[in-house]
Amino acid sequence: LYASFAKGVIPGEINQAYIENSAFAKRQCDAAGVVPFLPEEILDSYELGWKQQLFDNRLSFNLAGYYGEWTNKKSRI
């Protein structure tokens, strides 16, 4: 039996499309909730598993379950 946890981080960045817009377009973006700086993305990943060998190593199997929780995922919608 085993368990693992991993945390992954993608740093935040400047929203270049927002920065390059005109003042009018920026006001429209502001009204729509578009932000000039994108936050970092964080992924918490969990895994539980079981590895087993039976009958003098003639039969082996692996069973695993994964779950990931992704926050601040960037999207174009």
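The values are calculated or read from the model by the stated rules, or taken from the named source; none is laboratory data. Remember, predicted model here, so these are calculated numbers, not experimental data. FYI the Cβ positions are ideal-geometry reconstructions off the backbone, even for glycines, and counts take in every protein chain you see. Areas reflect the complete protein model, heavy atoms only, side chains present, ligands, DNA and RNA absent. Shrake-Rupley method; radii C 1.70, N 1.55, O 1.52, S 1.80 Å.
Is at least one residue of segment 42-53 in contact with a Ser or Thr (Cβ under 6 Å, 6 or more places away or on another chain) and polar (S, T, N, Q)? Walk me through it before giving the result.
First pass over segment 42-53, keeping only residues in contact with a Ser or Thr (Cβ under 6 Å, 6 or more places away or on another chain): 42, 47, 53.
Cutting the leftovers down to polar (S, T, N, Q) gives us 53.
Yes; the residues of segment 42-53 include at least one that is in contact with a Ser or Thr (Cβ under 6 Å, 6 or more places away or on another chain) and polar (S, T, N, Q).
For Phe55, all conditions in the list (1) without any contact (Cβ under 8 Å) to a residue 24 or more places away in the chain; (2) open to solvent by 70 Å² or more (accessible area, probe 1.4 Å); (3) in contact with a helix residue (DSSP H, G or I) (Cβ under 9 Å, 6 or more places away or on another chain) hold save one; what is the number of the exception?
Single failed check for Phe55: (3).
Listed here are the residues, each with its yes/no results for (1) exposed (fewer than 10 other Cβ atoms within 10 Å of the Cβ); (2) over 25 Å from the mean Cα position of the chain (by Cα); (3) not in a strand (DSSP E or B).
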| position | (1), (2), (3) |
| --- | --- |
| Val34 | no, no, yes |
| Asp44 | no, no, no |
| Ser60 | no, yes, no |
| Leu63 | no, no, no |
| Tyr66 | no, no, no |
